[in-house]
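So the structure is just underneath, and the comments pick up after that.
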Amino acid sequence: MSLSKRIIKETQRLAEDAVPGISAVPHDDNLRYFDVTIDGPSQSPYEGGVFKAELFLPDDYPMTPPKIRFLTRIYHPNIDRLGRICLDVLKSNWSPALQIRTILLSIQALLGAPNPDDPLANDVAQAWKQDEQAAIQTAREWTEKHAKP
Amino acid sequence: MDSDDDFNSSQMSDEEFMGDQDSDMSLGDDSDYQDDVGFETQDKDIKPTKHSYEVEFKVFNPAEIQSHQDKQVEEVSSILGQEPEATAILLRHLRWNKERLIDRYMEQQNEVLEDAGLGETLHTHPPRIEQVPGFACDICCEDGEDLDTFAMKCEHRFCVDCYKQYLQTKIKDEGEAARIRCPGDACNRIVDSKSLQLLVTGDLKNRYQELLTRTYVDDKENLRWCPAPNCVYAVQCPVKDRDLKKIVPTVHCECGHFFCFGCSQNDHQPAPCALVKKWMKKCEDDSETANWISANTKECPKCASTIEKNGGCNHMTCRKCRNEFCWMCMGVWSEHGTSWYNCNRFEEKSGFEARDAQAKSRQSLERYLHYYNRYANHEQSAKLDKDIYLKTEKKMTQLQNTTGMSWIEVQFMDSASQALQQCRQTLKWTYAFAYYLARNNLTEIFEDNQKDLEMAVENLSEMFEKPIDQLKGLKVEMMDKTAYCNKRRIILLEDTADNLKSGRFFWCFQFMLLDMMLTID
């Protein structure tokens, strides 16, 4: 399948006009597959960490949302052990007017504002609700352990 | 009340049935008609009479469903003074709750319109396709002066190709219709039907209409699609979810399929929906494991741990409590004296007691298996339905050829086959029903009814399998037996439905009742 004008433009913009703290680089052999890094937002337990993720644009992108998964382990109520992310704009609230960069920004925002009421990793969400300070501490330790470059 | 005619004609009106009255349909009557379900009244069965286990229902075809919708839209549209398109969106938005829509519209018109994605009135700006200078589509990144574009009132403008593709994805792949939103990010405006008319063409339009109709039926509490494959009919029934404890609303679709209006499962008279759900789950979880446990294990006579003997001699030592016993007689090993490894002490006391205890601990399992096996047996027969039906047809043809009977004359075979299938379906569920039933007089009556039906079915079934040359002579008897089966089934269902309705059945487990309330309310 040939690459649409949309994907080419988006890729160009991502390279030329990069968002601070976020990078997305397509593979040479598959321009729909991106290596992504997201810096942990400041004032969050993920601060200082660099989180790797993979992003894939399905054939019917942008009508359907991109598929994204964290590769770096992360302690977060909305991200499970396999790195899958629970975020509305990646599912029911996807709009074709959204882009890779906007989605990655949403994910970065999710790191800054975990939502334990809509959990994907139940155990983490539980911990988060019972003792937020302890959970934040664990998240910090995991960041230290897994997400330091 | 001394004849069956009386019984059959004492049908109740719908209101009565839905209510909780009529508790004098009691056990006394029961015994009256029980021993004499005479053959002389069989012709009464053929007449459509309404029994207490039957519910009112109506079947609608797609055109009727459409016209219902149109009528409601028209009605509400004149009350609200809105265009039919806008009214339709409003109605769908509030899930076809007419009263709520009118109430809310009168109170907070603007909010309702905003919520439904209608913001300001539609008619001042009819939707149209435009070419806008300097436009670049946010979806495909195309630009150009001659690019056709479209936007609703929310002014999220995209090129027509992208808009169309978006709608196609929504309608075709995601099956959405009534609540498709503007493709703009975080825009809650619903794509109205006028805009859709403009953008959607051909096949997709039909699909869209179909989906709209579907949401209408899905949203209406008293409407339900027939679950049979490829069936296009919907059934209307007044039974509410909260009544499902007391009523088993079996409906009969135009396509021939019998199903339960409460849960869309196949006909499961006389068991209520919650019981069916519970039973199915239990069978899924338990039956195979339970069978295996029953066949391959025994419990330690001392601590009741389940033990599988996977080899070796009869001298067992329980891993858990170190009790030593004989696998054969379950007696204490030390009492075996010199006859070790050769148990001949079957009647000894300690062994007897141990076996007794074992029997008790296993009772509940056996009890479950008792009911399960009978349930499964009838289910198996039900699965062979199609085979039986085909076989019947063949038999009927053969019978015509060998005996010179006419097609009409051999119809008794067909009715016998149908009766068998229907009765087996009912019998199957009586076993699930009985499993959860607490023991009392009612249970005994229920089980008597069950037994009578079962015997009648087995008799008919046996006759049904007779070789062709005997069948002609059996015709009258078979017709009698068929009528008898149908009658027994009706009696069982009526009696059960009456007791269920008046809440006279008690279930084995308290949590069962609780559960039913939880799942139903």
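The values are calculated or read from the model by the stated rules, or taken from the named source; none is laboratory data. Computed from a prediction, not measured in an experiment: that's the story for all the values here. Note that we place each Cβ from the backbone using ideal geometry, even for glycine, and neighbour counts take in every protein chain shown. What goes into the accessible areas is simple: the full protein's heavy atoms, side chains included, and nothing from ligands, DNA or RNA. Shrake-Rupley method; radii C 1.70, N 1.55, O 1.52, S 1.80 Å.
Here's the yes/no breakdown for (1) open to solvent by less than 10 Å² (accessible area, probe 1.4 Å); (2) in the same structural domain as B:LEU369 (by TED's automatic domain parsing); (3) in a helix (DSSP H, G or I); (4) at pLDDT 85 or above:
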position	(1), (2), (3), (4)
B:MET396	yes, yes, yes, no
B:THR402	no, yes, yes, no
B:GLU409	no, yes, no, no
B:CYS423	yes, yes, yes, yes
B:LEU427	yes, yes, yes, yes
B:TYR435	no, yes, yes, yes
B:GLU444	no, yes, yes, yes
B:ASP448	no, yes, yes, yes
B:LYS451	no, yes, yes, yes
For B:ASP148, which of the numbered conditions (1) closer than 25 Å to B:GLN69 by Cα; (2) surrounded by fewer than 16 Cβ atoms within 10 Å (Cβ to Cβ) fails to hold?
(1)
Between a residue in the stretch A:100-116 that is within 14 Å of chain B (Cβ to nearest Cβ) and any residue that is among the acidic types (Asp, Glu), which pairs come within a Cβ distance under 7 Å, given they are 6 or more apart or on different chains?
A:ILE100/A:GLU10
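Which of the residues spanning the stretch B:230-268 are in a loop (DSSP other than H, G, I, E, B), open to solvent by 40 Å² or more (accessible area, probe 1.4 Å) and within 22 Å of B:GLU210 (Cβ to Cβ)?
B:ASN230, B:VAL232, B:TYR233, B:GLU254, B:CYS255, B:HIS257
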Suppose we filter the stretch B:207-217 for residues that are at pLDDT 85 or above and open to solvent by 70 Å² or more (accessible area, probe 1.4 Å); how many remain?
1
Looking only at the stretch A:83-99, which residues are within 14 Å of chain B (Cβ to nearest Cβ) and either closer than 22 Å to A:LYS9 by Cα or among the basic types (Lys, Arg) (or both)?
A:VAL89, A:LEU90, A:LYS91, A:TRP94, A:SER95, A:PRO96, A:ALA97, A:LEU98, A:GLN99
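Table: residues versus (1) facing another protein chain (nearest Cβ under 10 Å); (2) aliphatic (A, V, I, L, M); (3) under 18 Å from B:ILE129 (Cα atoms); (4) buried (at least 17 other Cβ atoms within 10 Å of the Cβ).
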| position | (1), (2), (3), (4) |
| --- | --- |
| B:GLU174 | yes, no, no, no |
| B:ILE180 | no, yes, no, yes |
| B:SER195 | no, no, yes, yes |
| B:LEU199 | no, yes, yes, yes |
For residues in the stretch B:132-145 being open to solvent by 80 Å² or more (accessible area, probe 1.4 Å) and out of contact with any strand residue (DSSP E or B) (no Cβ under 6 Å at 6 or more places or on another chain), which is nearest to the other protein chains (Cβ to nearest Cβ)?
B:ASP138
Scanning the stretch A:23-81 for residues that are touching a residue at least 12 places away in the same chain (Cβ under 8 Å) and polar (S, T, N, Q), the one farthest from A:LYS145 (Cα to Cα) turns out to be A:THR64
Can you name every residue in the stretch B:154-193 that is over 19 Å from A:LYS91 (Cβ atoms) and more than 39 Å from the chain's Cα centre (by Cα)?
B:CYS154, B:GLU155, B:HIS156, B:ARG157, B:PHE158, B:CYS159, B:VAL160, B:ASP161, B:CYS162, B:TYR163, B:LYS164
State whether one or more residues within the stretch B:355-363 are at pLDDT 70 or above, surrounded by fewer than 15 Cβ atoms within 10 Å (Cβ to Cβ) and farther than 30 Å from B:CYS283 by Cβ.
no
Check off (1) more than 14 Å from chain B (Cβ to nearest Cβ); (2) modelled with pLDDT of 90 or more; (3) assigned to a loop (DSSP other than H, G, I, E, B) for A:GLU141 and give me the number that stays unchecked.
(3)
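Return yes when A:LEU120 is under 30 Å from B:ILE171 (Cβ atoms), part of a loop (DSSP other than H, G, I, E, B), more than 14 Å from chain B (Cβ to nearest Cβ) and in contact with a Pro (Cβ under 8 Å, 6 or more places away or on another chain) and no when it is not. Reasoning before the result, please.
Numbers: under 30 Å from B:ILE171 (Cβ atoms): yes; part of a loop (DSSP other than H, G, I, E, B): yes; more than 14 Å from chain B (Cβ to nearest Cβ): yes; in contact with a Pro (Cβ under 8 Å, 6 or more places away or on another chain): yes.
The answer is yes for A:LEU120.
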